Amino acid sequence: MALAASAGMDYADVQVHRFPDGESRVRLPAALPARVIMCRSLDHPNDKLIELVLAAEEARILGVDKLTLVAPYLCYMRQDYSFRPGEAVSQRSVGSLLARYFDALVTVDPHLHRVSSLEQAVPTGHSVSLLAAGFVGEFLARERPGSLVVGPDAESEQWVRVVAARSGSDYVVGSKVRHGDRDVEILLQGDFRGRDVVLVDDMASTGRTLEAAAKIIWTQQPASISIIVTHALFSGDAFERLSSAGFAHIWSTDSIPHTSNAIALAPLLADQLRSKV
Ligand code: R5P
């Protein structure tokens with residue numbers, strides 16, 4: 001709704017009912033214009049993807065000609081490679097599924113690792129990846145000027161560099177070895193003593209990456225450590241653990257609704273929708 005208001009577009013709800021057996025009933029408005037933008041963040045993807053396919057298929061039956069998906073958080077982007085024979089490359093499968101149903105895609109900070117563009121992962125012909133880092137940097141300049149920005153791993157540098165430049169901060173980036181879903185090892189060097197440190201990453205899932213980075217920083221007695229992530233996945237008890245671990249602030253964008261949301265993405269998405277999709 002905030003996105004439609006920001007973009008100056010009409011808005012209608014898609015009604016989703018979950019049956020006791022776990023199936024979903026999806027109801028669109030009975031009449032739709034030729035151009036429709038569906039907005040759905042794809043956390044909890046296994047349910048949401050099916051519902052999205054049902055909605056997209058019905059939209060076509062109702063005569064929609066151009067169907068755009070705005071998925072502020074785009075799921076299944078991390079497995080872009082088969083690490084063992086027989087292991088499915090979920091990015092490729094989900095990417096081609098979405099491309100089959102949508103003419104365009106807009107998302108924010110997708111986790112692209114070995115592929116160079118969003119279009120390669122989701123080949124709609126008009127797949128656009130927006131960067132939250134500019135908004136995050138402006139937020140940081142207001143809330144925590146003079147901070148030291150820290151990215152936990154090499155992949156985070158693409159975001160951290162922009163956040164630091166926009167907030168007038170300096171930054172350092174660590175490196176990460178992942179041993180398992182909840183077992184990560186971080187190597188991080190820097191002068192954190194007495195500094196307000198802000199850990200910046202694209203997402204927090206188990207929270208282990210942020211915890212491992214903070215553990216190193218805390219050994220040097222920083223003034224404070226805060227967290228900003230684009231996508232507040234916070235699986236299981238991750239948010240409760242982080243909330244009681246002594247961080248000064250835990251902030252996120254509203255790509256996924258969560259109590260940590262502090263940075264609205266509607267203006268960023270609306271600008272893209274108004275001008276280019
Ligand atoms: C992966 O490298 C991402 O950028 C995040 O660092 C990662 O997904 C965070 O996962 P977790 O919170 O489970 O450590």
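The values are calculated or read from the model by the stated rules, or taken from the named source; none is laboratory data. Computed from a prediction, not measured in an experiment: that's the story for all the values here. Please note that ligands, DNA and RNA were not included when accessible areas were found on the heavy atoms of the full protein model with its side chains. Shrake-Rupley method; radii C 1.70, N 1.55, O 1.52, S 1.80 Å.
Numbers for the structure displayed
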item: DSSP beta bridge pairing in the chain, given as percent antiparallel to the nearest 5; result: 20 percent
item: The chain - mean residue ellipticity at 222 nm from DSSP helices (-39,500 (n - 2.57) per run, n ≥ 4, rounded to 500); result: -9500 deg cm²/dmol
item: Solvent-accessible area of LEU273 with every protein chain in place, 1.4 Å probe, in Å² to the nearest 10; result: 0 Å²
item: 5 angstrom amide H check on ILE225, placed H, neighbours 5+ away; result: VAL197, ALA248
item: Ranking by accessible area, most exposed first, for HIS113, HIS249 with a 1.4 Å probe; result: HIS113, HIS249
item: Overall Cα dimensions of the chain, principal axis frame, Å, largest first; result: 61, 47, 38
item: Difference of contour (0.36 nm per residue) and Cα-Cα distance, GLU143 to LEU187; result: 13.1 nm
item: Accessible carbon and sulfur surface of segment 23-91 relative to its total accessible area, %, 1.4 Å; result: 53 percent
